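Presented below is the structure to which this report refers.
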Amino acid sequence: MIMLGIVVDGTLLPHLYALVSEPTGHFPANMIMNLPNIHAFASKSANMTKRDLKVFLEQAMRPDIGLHGKTKVLLLVDSWTTNRDDELYNSTVPEGVEFMKKLIPEKCTGIVQPADGTFSFSVHTKIL
């Protein structure tokens, strides 16, 4: 799963969050990652849990909120159960930031979610 922030002017927030499914729930010990603008985490499933969501909000999204005078945030999220926890979202918003979260109706994510309709990603892996 990849989550990114799109500013209203069309630019992207500087950091991207990636949740990668690994059988052990951890990246291999010999894996070298030097990804300064990507916050990558491993889990046994690519479905985001509340713990994963908290990591995304605190480590990937929160540091970018308020950059360059951006003090208004609209977060569009799908209707996955984890995204319905308003308390978790509200607890991570920095003071002075106007925050609004909107749920995308079920079965509409592929049509409405900006990243699903705008971006295509190519992932290249190299087995050591």
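The values are calculated or read from the model by the stated rules, or taken from the named source; none is laboratory data. Computed from a predicted model, the values in this text were never measured in an experiment. Note that we place each Cβ from the backbone using ideal geometry, even for glycine, and neighbour counts take in every protein chain shown. Heavy atoms of the whole protein, side chains included, go into the accessibility calculation; ligands, DNA and RNA do not. Shrake-Rupley method; radii C 1.70, N 1.55, O 1.52, S 1.80 Å.
Against the criterion of being in a loop (DSSP other than H, G, I, E, B), at pLDDT below 65 and polar (S, T, N, Q), THR125 qualifies.
Report yes if LYS107 is modelled with pLDDT under 80 and more than 14 Å from the chain's Cα centre (by Cα), otherwise no. Yes. Inside region 4-25, residues that are in contact with a helix residue (DSSP H, G or I) (Cβ under 7 Å, 6 or more places away or on another chain) and in contact (Cβ under 8 Å) with a residue 60 or more places away in the chain make up a count of 2. Say whether the condition of being under 17 Å from PRO94 (Cα atoms), outside any helix (DSSP H, G or I) and within 13 Å of the chain's Cα centre (by Cα) is met by at least one residue in region 19-28. No; the residues of region 19-28 include none that is under 17 Å from PRO94 (Cα atoms), outside any helix (DSSP H, G or I) and within 13 Å of the chain's Cα centre (by Cα). Total residues in region 81-95 satisfying the condition of being open to solvent by 70 Å² or more (accessible area, probe 1.4 Å) and either at pLDDT 80 or above or at positive phi (or both): the figure is 6. Scanning region 1-53 for residues that are among the small types (Gly, Ala, Ser) and open to solvent by less than 80 Å² (accessible area, probe 1.4 Å) yields GLY5, GLY10, ALA18, SER21, GLY25, ALA40, ALA42, SER43, SER45, ALA46.
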